[in-house]
Amino acid sequence: MNNPFKNKIPYKILLNKYVIVSVFFVTWILFLDNYSYLDHRVLNKEINELEDNKIYYQEEIKKDKDQIKKLKNPAQIEKYAREKYYMKKDSEDIYIIEFEGDTLEKNIR
């Protein structure tokens, strides 16, 4: 009983020992190994996120350092306290005026 596919080219290629070993190797590397491609993809994504966080925090540190330099001046400390914490002198009155859309709260309907 002869196999009708035995002399066909795709059949010969698929049963070639080098092709079988190569397919096994590629499958092993992509999915089964400790250093698989899928693990590397996840780790690379984490690395990119951490680098983005690093850049963000470096910018925030730079802003904070500038703020600290400004607050070494007593006049700037007073200005900051008045703007941020609504502090006032005893002889002053403070009026806070809010316009529509200025508040962070949103009307949920």
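The values are calculated or read from the model by the stated rules, or taken from the named source; none is laboratory data. All values reported here derive from a predicted model rather than from experimental measurement. As a convention, Cβ positions derive from the backbone with ideal geometry for all residues, glycine included, and neighbour counts pool all protein chains shown. Remember, those area values only see protein heavy atoms, side chains included, never the ligands or the DNA or RNA. Shrake-Rupley method; radii C 1.70, N 1.55, O 1.52, S 1.80 Å.
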### Task
Show the residue pairs that are 6+ apart or on different chains and have beta-carbon atoms under 7 Å apart, the first residue being within region 45-64 and surrounded by 10 or more Cβ atoms within 10 Å (Cβ to Cβ), the second being not charged (D, E, K, R).
none
#### Entry: In region 1-44, residue most open to solvent (accessible area, probe 1.4 Å) [restricted to those that are at pLDDT 90 or above and within 25 Å of the chain's Cα centre (by Cα)]
ARG41
### Message
Here are the criteria: (1) modelled with pLDDT of 80 or more; (2) in a loop (DSSP other than H, G, I, E, B); (3) open to solvent by 100 Å² or more (accessible area, probe 1.4 Å). Tell me which single one ARG109 does not satisfy.
### Response
(1)
### Task
Scan region 85-99 and give yes if some residue there is in a helix (DSSP H, G or I) and out of contact with any helix residue (DSSP H, G or I) (no Cβ under 9 Å at 6 or more places or on another chain), otherwise no.
yes
